[in-house]
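One structure below.
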Amino acid sequence: MAPRRLTWRVGEVVETRPDTPRTKSLFLEVPDWEGHRAGQHVDVRLTAEDGYQAQRSYSIASAPESSRVELLVERLEDGEVSPYLTDEIRPGDGLELRGPVGGWFAWEASEGGPLLLVAGGSGIAPLMAMIRHHRAAESPTPVRLLLSSRSYEEIIFREELEDLAAETLQITHTLTRSTPPGWKGYDRRIDEQMLTEFAFSPEEHPLAFVCGPTPLVETVGTALVELGHDPTRVKTERFGPTGG
């Protein structure tokens, strides 16, 4: 079967919602949206009045079961796209996008697990789609999430994650810049010792998804393999410090 040809189309922004001081979720209704797999992304394109175009990729944070497409945008001060998406765009505005894109870094409930999710900052977006899909599908697959954030205030989707942790999700946070009084979680960058303490054992044969800044992804991916995890079941997706 020939691959589906991706074309640009315009989705309507129906809601915007701040998540942290530096991130915002955009909710879109996309005509003829064919659905997506948890973990996929879309390309977003902005066109200036003089014709100049800038394009960026954003992971889909909503579950496949959702009728709306949710994109998480982190504002980068020197970015070409993210300042507009976080500061200027309003409900009723159109947003040009193409997708969904990607299939390797994706999970469906039928694939089982156990499921190990490791994220840094806005790398939580595609993993959130997996977590939401897990809940919507009422999957019995055990799920553990290790999330690295700069501070407590910058934990993306914090309240929703707390609610899910009370139900089906085992979650551990680590804060790398500052911690609130009485903090009982980790307070350093993710390392091999942290993974040894929190991750499933290699004997449990987990399926791991790791997403975040390149240094975090490389550290975690390497550590999991060195700890004895099957390299073919460790999937990574990374983003650099520039762009936006």
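For the residues 62, 122, 25, the requirement of being farther than 19 Å from residue 207 by Cα, in contact with a Lys or Arg (Cβ under 9 Å, 6 or more places away or on another chain) and in the same structural domain as residue 145 (by TED's automatic domain parsing) singles out 122. For the residues 144, 132, the requirement of being basic (Lys, Arg), at pLDDT 95 or above and outside any helix (DSSP H, G or I) singles out 144. Taking the criterion of being of a type in the set (S, T, N, Q) and either at pLDDT 95 or above or surrounded by 15 or more Cβ atoms within 10 Å (Cβ to Cβ) (or both), the residues of the stretch 66-109 that qualify are 66, 82, 86. Selection of first residues in the stretch 166-185 that are under 19 Å from residue 196 (Cβ atoms) and without any contact (Cβ under 8 Å) to a residue 40 or more places away in the chain and of second residues that are outside any strand (DSSP E or B) and hydroxyl-bearing (Ser, Thr, Tyr), restricted to Cβ pairs under 8 Å at least 6 apart or on distinct chains, gives the following pairs, ordered by first then second residue: 185/179.
Give the residues of the stretch 187-244 that are touching a helix residue (DSSP H, G or I) at 6+ places or on another chain (Cβ under 9 Å), in a loop (DSSP other than H, G, I, E, B) and not hydrophobic (A, V, I, L, M, F, W, C), sorted by residue number. Once the filter is applied, which keeps residues that are touching a helix residue (DSSP H, G or I) at 6+ places or on another chain (Cβ under 9 Å), in a loop (DSSP other than H, G, I, E, B) and not hydrophobic (A, V, I, L, M, F, W, C), the stretch 187-244 yields 188, 189, 191, 205, 206, 228, 229, 230, 240, 241, 243, 244.
Whenever a residue of the stretch 131-160 is crowded, with 16+ Cβ neighbours inside 10 Å, its partners that are in a loop (DSSP other than H, G, I, E, B) and at pLDDT below 95, lying with C-beta atoms within less than 6 angstrom and at least six residues away or across chains, give the pairs 141/112; 141/113.
The values are calculated or read from the model by the stated rules, or taken from the named source; none is laboratory data. None of the values given here were measured: they were computed from a predicted structure. So basically every Cβ, Gly included, is an ideal-geometry build from the backbone, and we count neighbours across all protein chains shown.
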